[in-house]
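Structure, as structure tokens:
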Amino acid sequence: MNILRRRGWELPERLVTPEHVFLNRRAFLAAGTGIAALAVAGRARAETDPSASLYPASVNPAFKDAGRDVTPFEINSTYNNYYEFNTSKRIYEQAEALPIRPWSVVIDGEVEKPVTIAIDDLLKRMTLEERVYRHRCVEAWSMVVPWTGFALSEFVSLAKPLASAKFVRFETFNLPDVAAGQKPGLFSSMPWPYVEGVTIAEAGNELPFMVTGAYGKPLPKSMGAPLRLHLPWKYGFKSIKGIVRVSFTSERPIGFWEQLQASEYGFWANVNPEVAHPRWSQASERVLGTDEQIPTQLFNGYGEYVAALYAGMEKEPLYM
Ligand code: MTE
């Protein structure tokens, strides 16, 4: 992600490893210790994760194929945006410090009865399935991921929102002792914790997916374990990771990026190739792990599922 005003903590562009160098370096490391170490860490995670036996889940036939090759696990799990750890894409080692058991999720706000539920109890109550989704980052790169999780709509039914609930607000952990990006002083201009939100109508749609696994295993920490959201028709910043609280509200939540730079990152953030980001085009996207640059599609190609949600809302800034 990219913000307009450079603050003290921001690295000048020239100091950031260019991505092709990083990816080539990854290819180099793949033959050596880096990826081997990651593979060992990944294996240890899968073995010790109490939910490991739930994977792989059965594939939802409606989402078994995203029309493009699945992005290799090694790329997906080592090229991440997770500002809690740091502002580079290479956070997978730091993210391993995040304790993901015990882990509970608070459900509160405009609901019949606020509750706190342990992640493994939540997993037992939800119907796990696999869905292959395209993911389009606002930075104009994309990937394809075989997620495992459950429909957000099923989670909403569990939460039993009141009629006054118009929005669902998601919040990430705030643990400055393990997530260096949250330490006071370092990125102190950032409005922790990371927050995102959708309307109650969006939450009831078929597509929004609460993700607990990927590639047939529990989710790697770098990708948002133990619980993240994935909204395939919206820019990736809406797909919040490391969720600890889900609140049902009558007021529209203001997301992390909207708080930082409202003129560039809005509430709706639906993918649209014809509406440029104020500082770059959104017409095409770079496919991670390949040399391909492909045209971006309206709603990231998911219009048949979601376009109706926005009927009559032409005056809203739906595409930023
Ligand atoms: N969630 C939290 N808590 N913190 C973040 O920095 N980054 C977002 C989103 N969710 C982010 C987050 C952005 S900008 C993107 S593109 C996706 O996570 C990236 O998901 P990935 O790392 O699994 O590819």
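The values are calculated or read from the model by the stated rules, or taken from the named source; none is laboratory data. As the structure is a prediction and not an experimental result, all values here were calculated from the model. All Cβ positions, glycine included, derive from the backbone under ideal geometry; neighbour counts span all protein chains shown. Quick note on the areas: whole protein, heavy atoms, side chains included, nothing else; ligands and nucleic acids left out. Shrake-Rupley method; radii C 1.70, N 1.55, O 1.52, S 1.80 Å.
Suppose accessible area is computed on protein heavy atoms with a 1.4 Å probe; arrange Leu298, Leu158 from highest to lowest.
Final ranking, largest accessible area leading: Leu298, Leu158.
Relative contact order of the range 13-310: what whole-number percent is it, with Cα pairs under 8 angstrom and at least 6 residues apart?
About 20 percent, as a whole number.
Using the charge dipole of the range 13-310 (Lys, Arg: +1 at Cβ; Asp, Glu: -1 at Cβ; taken about the Cα centre), state which of Ile119, Pro50, Tyr265 has its Cα farthest towards the positive end.
In the range 13-310, that residue is Pro50.
Could you tell me which of rounded, prolate or oblate describes the range 65-201, using a ≥ b ≥ c as the square roots of the eigenvalues of the alpha-carbon gyration tensor, with rounded for a/c under 1.5 and, failing that, prolate when a/b is larger than b/c and oblate otherwise?
Taking the square roots of the gyration eigenvalues as a ≥ b ≥ c, the range 65-201 is oblate.
Just how large is the dipole of the range 13-310 about the Cα centre, in debye to the nearest 20, putting +1 at every Lys and Arg Cβ and -1 at every Asp and Glu Cβ?
Result for the range 13-310 is approximately 340 debye, rounded to the nearest 20.
Could you give each residue of the range 245-256 its phi-based ³J(HN,Hα) in whole Hz, using Karplus coefficients 6.51, -1.76, 1.60 with θ = phi - 60°, and x for Gly or Pro?
9, 10, 10, 9, 10, 8, 9, 5, x, 9, x, 3
Would you list Val246, Val178 from the most to the least accessible area, probe 1.4 Å? Walk me through the numbers on the way to the answer.
Details: Val246 0, Val178 45 Å².
So the residues, ranked largest to smallest area, are Val178, Val246.
How much accessible surface area, in Å² rounded to 10, belongs to the heavy atoms of Lys183 with a 1.4 Å probe?
90 Å²
Could you pull out every residue, at least 5 positions away or on a different chain, whose amide H is within less than 5 Å of the one on His277? Hs are placed 1.01 Å off N in the peptide plane, and Pro or chain starts have none.
Those qualifying (amide H under 5 Å, at least 5 residues apart or on another chain) are Gln282.
Shape of the range 212-307 from its Cα gyration tensor (a ≥ b ≥ c, root eigenvalues): rounded if a/c is under 1.5, otherwise prolate when a/b > b/c, or oblate?
Oblate is the answer for the range 212-307, as a/c is 1.5 or above yet b/c matches or exceeds a/b.
What are the semi-axes of the equivalent ellipsoid for the range 13-310, taken as the square roots of 5 times the Cα gyration tensor eigenvalues, largest first, in whole Å?
Taking √(5λ) for each eigenvalue gives 27, 23, 21 Å, largest first.
With a sphere of radius 13 Å drawn around the Cβ of Leu128, what net charge do the other residues whose Cβ falls strictly inside it have (Lys, Arg +1; Asp, Glu -1)?
0
Could you list, in their original order, any pairs among Lys166/Lys315; Lys64/Lys166; Lys183/Lys241; Lys113/Lys217; Lys113/Lys166 whose Cα atoms are separated by more than 24 Å?
Lys64/Lys166; Lys113/Lys217
Test of the criteria: in the range 214-303, which trypsin sites (Lys or Arg not before Pro) are in a DSSP loop and have at most 11 other Cβ atoms within 10 angstrom of their Cβ? Mind dumping the intermediate values first?
Values: sites: Lys221, Arg228, Lys234, Lys238, Lys241, Arg245, Arg279, Arg286; in loops: Lys241, Arg279.
Answer in residue order: Arg279.
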